[in-house]
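Scroll down for the structure; my scribbles are underneath it.
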Amino acid sequence: MINDFDGREARGPSSHDPVWAERHPPAPRPAAGMEELLRTLSLLAAPTGQEDEVIDWVRREWEGLGEVTRSPVGNLFLHIPGPGPRVLLAAHADELSLIVRSITPGGFLRVLPGERDQFSSPYYVGSPLRVLADSGPLPGVVATTTGHAMTPDQKDRPRLGWDDLFVDVGLTAEECAAHGVRIGTRMVWDSPPRRMGRLLVGKAMDDRLGVAVLVELARRLAAARPAYDVTLALTVQEEIGMVGASSLTRDGRAFDLGFIIDNGLAGDIPTVSPEHVPVVLGGGPTLVHRDSSVHYSRRLIQALRGVAERNRVPVQEMVLFHYSSDGAHLVRQGIETLLVAPPIRYSHSPFETIDPADVEATVRLFELFLTERALG
């Protein structure tokens, strides 16, 4: 997900609100396996342009469930044949990252974001990092001038820029070179997932929750007979501008319907207004009408809404702004498309927060849609 939303309004909607609760049945509590799957995927490192760790893990999971292929740019596909229209379900494999642009003589790493979001720098200061050196992962921390060493000008600066930040790996320049830390080396947040009440907190929930949906959905479809000809896909380089998705129809692939599973926004925190983001954790996946790049299929929204209502699967709906997904590229390739977005709090941060029940509800929604033949 590409997102720079920064709503700062009154308290958001709440699942404790009786009006909201009446309109939204609670999401079913997921099996322990779903939380374990999310934890495993969150721990993997897959910065934009270096997604192999996630791609390889999912490929091993998909082997034996259908035809597995990988495109030259790195997109991964699982084809499960069926009698109906050709349906594509896609999620992106990459996560937010930093990339080395230079190394100082003292061994400090000067960095830039590895993606298009230029607004996440406050979340990086003081954050532990996993530096993906050639010799293996190294610990690092994002630092800047602090405390007594700050000049008056630095103290008065309203916002930190990337030239104010650097990464300290505790090594000299020579030691960095010996470990294979060089220009172009990438790094990701090192924040292991942890339980917080019913919620799960950690890095890369954007878009590992979408990856989890595809992994679990593949397992269930392998044990059933889908009513559609189904292709599941992991895309690369979404965070820098939805690059991998632009070639999904390469090599003769064609699809009639397309679904993007990416994280949406939850507005149930004190600083976001329900007028802006009327979505809560635990309310199920969000059916998105439009984002800043594209309008999505009203026909597919109606179809999934119908499946949800018939089977009491909770769903929410919203209009997004300051947000883009791979869906725009599917529409450009002539595919009728819908973005389905399980919500998160605190997007593009090392403490992205989700309710695993929303991920479970998303899997169930697609399982029903693909086996019921809700559309001709």
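Looking at Pro83, Leu199, Leu138, which one has the Cα that reaches farthest to the positive end of the dipole of the chain (charges on Cβ: Lys, Arg +1; Asp, Glu -1)? Highest projection toward the positive end goes to Pro83. Packing order of peptides 324-331, 90-97, highest average first: 90-97, 324-331 (average count of other Cβ atoms within 10 Å over each peptide's residues).
By the helix-only formula, in which each DSSP H run with n ≥ 4 contributes -39500 (n - 2.57) and the sum is divided by residues, the chain has a 222 nm mean residue ellipticity of -8000 deg cm²/dmol. Ordering 190-197, 33-40 by mean Cβ neighbour count within 10 Å, with the highest value first, yields 33-40, 190-197. Kirkwood Rh over alpha-carbon pairs of the chain, then Stokes-Einstein at 4 °C and 1.567 mPa s: what D in µm² s⁻¹, rounded to an integer? The Stokes-Einstein estimate is 61 µm²/s.
With +1 assigned to the C-beta of every Lys and Arg and -1 to the C-beta of every Asp and Glu, and no other charges, what is the dipole magnitude of the chain about the Cα centre in debye, to the nearest 20?
On the way: 38 positive and 49 negative charges, 144 e Å.
Value, rounded to 20: 680 debye.
Throughout, read-outs are computed from the coordinates displayed, never taken from laboratory work. Computed from a predicted model, the values in this text were never measured in an experiment. Cβ coordinates were reconstructed from backbone atoms using ideal geometry, including for glycine residues, and neighbour counts include every protein chain displayed.
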